[in-house]
Amino acid sequence: MKPVIGLTMHPVEGKKEINNTYINAIQKAGGTPICLPIINEENVEQILNIVDGIVSIGGYDINPLIFGEEPHYKLGVVIDERDKSDMLIMKCAFERELPILGICRGEQVMNVAFGGTLYQDIDTQVENILKHTQVSLRHEVTHTVVLEQSKLQQIVGASSILTNSFHHQAVARVADGFIINARAKDGVIEGIEHPTHPYCIGVQWHPEGLENDAPSDKLFKSFIEASTK
C-alpha cells in the first residue's frame, strides 16, 4: 500500500486551492495524496487517523500577532482560519510523530507553531539581502542554499544546492528544539528541522516546483519512505 499523504490547502474566495505540482511530487515519489480542508479541534484527530504523513504547503503570510508582533508595513495578506488550521495540523501531527514536510510558508508554520518568530519582510528587516522573490518561472533555480550538518544534508548528499525562491518572510528566532539545516549566502535561514523527531523537516524554497531536480527528488522520496514505516 502506498502511504497516504495529507496536503494542506489555500482558502481563497470561497474555495480551497493547491498547485498541481505538490500532488505530482507526492505521486512521483510513491505516495497517495489527499487534500485537506480547513481543520478544527473537532475533526483533526479523525482526519489524521487516515494519513501517514503531512505536507504543509506554501501560501500567504502568517499573522504576526501569533508570535507576539504587530504588523510590519510590508506584511501581506493573512488568513486567520488557515493559520489556525495549519498550526493545529502541525502540532497534532508532531505529537503523533507523523512525518512532516513543511514547504515555504509550511516551514514558517513549523517554526511559529512551536514558539519561533519570523522576519515579516526580509527586504526591509535584513541587511545586504539577496533576491528571494524571483520573477523567473517556478522551475528555474536562482540562488544557492548552503546545507548545514543535519538530516536534510544527509538526504540530499551535498553541502550546497541551487533552489528557486518565492518568499519575503523568513525564520528569525528558531523554535526551541529545532535546528537550522540550511541558509542562503546572505545568512537568511532556508530550512529547519527537529533532530529527534522521526521526520520533521522544513524548507523555505519550493522543491515541488523544480522538475527533474535530484535534490528535490531525494527530499520527497525520503519523506515518502518515512511515511511508509
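When only residues in the stretch 12-52 that are on the phi < 0 side of the Ramachandran plot and among the charged types (D, E, K, R) count, which is most open to solvent (accessible area, probe 1.4 Å)?
GLU42
Among the candidates LEU210, LEU219, single out the residue that is touching a residue at least 60 places away in the same chain (Cβ under 8 Å) and farther than 22 Å from VAL51 by Cβ.
LEU210
Rundown of residues vs (1) farther than 27 Å from ASN212 by Cα; (2) at pLDDT below 95; (3) open to solvent by 20 Å² or more (accessible area, probe 1.4 Å), yes/no style:
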position	(1), (2), (3)
LYS2	no, no, yes
HIS10	no, yes, yes
ILE54	no, no, no
GLY68	yes, no, yes
VAL77	yes, no, yes
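Have a look at ASN164, ASN181 and point out the one that is open to solvent by less than 70 Å² (accessible area, probe 1.4 Å) and under 18 Å from PHE94 (Cβ atoms).
Checking each option against the conditions leaves just ASN181.
Within the bounds of the stretch 77-89, is there any residue that is under 28 Å from GLU13 (Cβ atoms), in a loop (DSSP other than H, G, I, E, B), under 16 Å from the mean Cα position of the chain (by Cα) and not acidic (Asp, Glu)?
Scanning the stretch 77-89 turns up no residue that is under 28 Å from GLU13 (Cβ atoms), in a loop (DSSP other than H, G, I, E, B), under 16 Å from the mean Cα position of the chain (by Cα) and not acidic (Asp, Glu).
Within the stretch 118-140, count every residue that is open to solvent by less than 70 Å² (accessible area, probe 1.4 Å), aliphatic (A, V, I, L, M) and out of contact with any Asp or Glu (no Cβ under 8 Å at 6 or more places or on another chain).
2
Considering only the stretch 186-229, how many residues are small (Gly, Ala, Ser), surrounded by fewer than 18 Cβ atoms within 10 Å (Cβ to Cβ) and closer than 23 Å to PHE114 by Cβ?
Residues flagged as small (Gly, Ala, Ser), surrounded by fewer than 18 Cβ atoms within 10 Å (Cβ to Cβ) and closer than 23 Å to PHE114 by Cβ within the stretch 186-229 amount to 1.
Name the residue, out of GLY115, GLY102, that is among the small types (Gly, Ala, Ser), open to solvent by 20 Å² or more (accessible area, probe 1.4 Å), in contact (Cβ under 8 Å) with a residue 60 or more places away in the chain and under 17 Å from ALA172 (Cβ atoms).
GLY115
The values are calculated or read from the model by the stated rules, or taken from the named source; none is laboratory data. Note that this is a predicted model, so its numbers are computed, not measured. Cβ: placed from backbone, ideal geometry, glycine included. Neighbour counts: every protein chain shown. Ligands, DNA and RNA are excluded from the accessible area calculation, which covers all protein heavy atoms including side chains. Shrake-Rupley method; radii C 1.70, N 1.55, O 1.52, S 1.80 Å.
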